[in-house]
Each structure stands twice: as C-alpha cells, then as structure tokens.
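Have a look at the structure below before the remarks.
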Amino acid sequence: MTCTRILAAFGLLSLLGACGPGDVASRNLPAATALNTSEIAYLDRAPDRRVILAPQYDVREINVTVPDDLRVSEANMYYPMADIVWRGEPRGDRHQQVRAIFAEAFGLGTGHMKSGPAVIVDAEVTRFHSLTEKTRYTFGGVHAIRYRLTLRDAASGAVIDGPRLIVADVKASGGSRAIAEDQAGRTQRVVIVERLRASIRQELSRVTEEEAPVGRAATAIALTPARVMEQSPIPY
C-alpha cells in the first residue's frame with residue numbers, strides 16, 4: 001500500500017511538471033545557448049563585452065485575443081483538465097482577466113520599442129493553466145502559458161512574422177513559500193505579468209553585444225528575464 005501511494009504521488013508531480021510541450025519558440029538565440037522556459041543565458045562573453053536585447057520594431061498596436069471556446073475550470077483539484085485555470089483574482093470572467101494580464105504585460109514589455117519597422121502585435125492565447133488553491137498551498141507547480149504570436153505591418157496589415165506558438169511557462173511557488181510571496185505582494189498575477197513582459201520583449205528583440213562599462217560591471221554577464229526586470233521593474 002505504501003509503495004502504491006509513493007508511485008501515485010510521483011505520478012501526480014510528473015503531471016504537474018509536464019504542463020505542455022518542451023520546445024520553446026524563441027528568436028535570435030545562439031544554438032549552444034542554455035535555455036529553459038524562464039531563463040535565457042548568454043555566457044562565456046569577453047570580460048569587456050555584455051549582451052543586451054535591442055528592440056527590432058516600432059510597436060504601434062497590441063491586440064490580445066482569448067477565444068471563447070477555451071475551456072475554464074473552477075474545480076479545486078490538483079490538475080483540472082481545462083484550457084484556463086486562474087485563481088489569482090476573484091471569480092469572474094476568466095477570459096477577460098487573462099486578456100487583461102496579457103495586455104498589461106505586453107504594454108510594459110513593448111513600451112520602449114520605438115525603432116525599426118512599424119508593426120501591430122497580435123497575440124492569441126491558447127493556454128493559461130495556473131494553479132488551483134489545492135495545488136498552490138501544497139507543493140506548487142508551473143504556470144503553463146501559451147500564445148500564438150503574429151506581427152503585421154502597421155500600414156498595410158500584411159503579416160511579416162508568424163503566426164508562431166510561444167511557450168511562456170514560469171515556476172509557481174507552493175506551500176509556505178507561496179503564502180509568504182502573497183504577503184510580500186509577489187502574487188501569482190505579478191509573477192505572470194513579469195514572465196509575459198520578458199517573453200514579448202525577447203520575441204521582438206535581437207541579441208547584440210556592446211562594450212561593458214569600466215569598473216565592477218566589466219565582467220561576463222548572464223542576461224535573464226529576471227535581470228531585465230531588475231533594470232526596469234514593474235511599478236506595483
């Protein structure tokens with residue numbers, strides 16, 4: 001009986017960790033770059049060089065679509081079989097809540113993008129599977145987020161890139177750590193907005209290098225979404 005319970009527990013943890021395909025649609029990444037769904041690392045750079053993300057486009061408009069046929073679950077179980085699972089806000093129109101999260105994150109991530117071809121950004125959400133209360137206050141898991149990205153010429157409307165399926169998963173804390181984060185103001189919504197902000201910034205930028213400032217910063221750097229956020233945090 002004990003063995004059976006242990007195997008069942010491992011099976012559940014595997015299910016929570018496998019929230020979607022492992023392939024990540026990402027642009028401008030070196031083939032040898034170490035990559036997961038929440039970090040882009042550029043290592044082994046010369047001490048006097050640093051890697052930055054340079055905007056490729058002048059973003060004029062952002063359209064976010066959350067199709068009505070995406071299934072919503074409010075069931076408080078470990079892993080509801082649905083397209084949208086969201087408990088980070090009071091119960092309401094989950095489609096509208098998800099759309100607002102994407103719109104806010106993409107606005108923050110592209111607000112500085114004013115150079116290059118003028119484009120319209122279209123994003124269609126295909127999955128937004130966060131944690132239920134039961135999962136969040138036990139062992140946590142992954143916020144599994146997918147969206148289909150298309151770029152169109154701002155003048156003609158012609159598609160110039162995509163559609164591409166983007167994976168924007170991010171680790172979700174559980175148990176006492178989740179409670180502590182909530183009390184500190186680092187809610188699930190804050191975590192997801194940060195992740196989506198970094199995701200769209202990555203997708204619409206190119207990787208380039210520049211000379212590092214002389215002094216403490218003149219060392220090899222790992223550029224990650226977290227470090228990008230440190231430079232320009234979300235105003236909460």
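No value in this document is a laboratory result; all are computed from the given coordinates. These figures come from a predicted structure and were not determined experimentally. Cβ atoms come from the backbone with ideal geometry, glycine included; neighbour counts cover every protein chain shown.
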Mean Cβ neighbour count within 10 Å, used as a protection proxy, ranking 111-122, 172-183 highest first
111-122, 172-183
Dipole check, region 55-204, charges on Cβ (K,R +1; D,E -1), about Cα centroid: among Ser176, Phe102, Gly116 the Cα furthest to the positive pole belongs to Ser176
Can you compute 3J(HN,Hα) from phi for each residue in region 88-94, using the Karplus curve 6.51 cos²θ - 1.76 cosθ + 1.60 with θ = phi - 60°, rounded to whole Hz and x for Gly and Pro?
x, 9, x, 4, x, 6, 5
What are the ³J(HN,Hα) values, in whole Hz, obtained from phi via the Karplus relation 6.51 cos²θ - 1.76 cosθ + 1.60 with θ = phi - 60°, for each residue of region 52-60 in sequence order, with x given for Gly and Pro?
9, 9, 9, x, 9, 9, 9, 7, 9
With θ taken as phi - 60° and the coefficients 6.51, -1.76 and 1.60, list the Karplus ³J(HN,Hα) couplings across region 99-110 in order, rounded to whole Hz; mark glycine and proline as x.
4, 5, 5, 4, 4, 5, 5, 5, x, 5, x, 10
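When ranked by the protection proxy of mean other Cβ atoms within 10 Å per residue, highest first, what sequence do the peptides 187-196, 66-75 form?
Highest mean packing first, the order is 187-196, 66-75.
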Where the only charges are on Cβ atoms (+1 Lys, Arg; -1 Asp, Glu), what is the dipole of region 55-204 about its Cα centre, to the nearest 20 debye?
400 debye
Could you rank the peptides 125-138, 155-168 by their average count of other C-beta atoms within 10 Å per residue, with the highest value first?
125-138, 155-168
Mean Cα-pair separation over length for region 55-204, i.e. relative contact order, pairs under 8 Å, 6 or more apart, %
27 percent
Residues whose built amide H sits under 5 Å from the amide H of Thr138, excluding neighbours closer than 5 in sequence, are Gly175
Can you tell me the length gained on complete extension of the stretch Tyr78 to Ile179, counting 0.36 nm per residue apart and subtracting the Cα distance?
34.6 nm
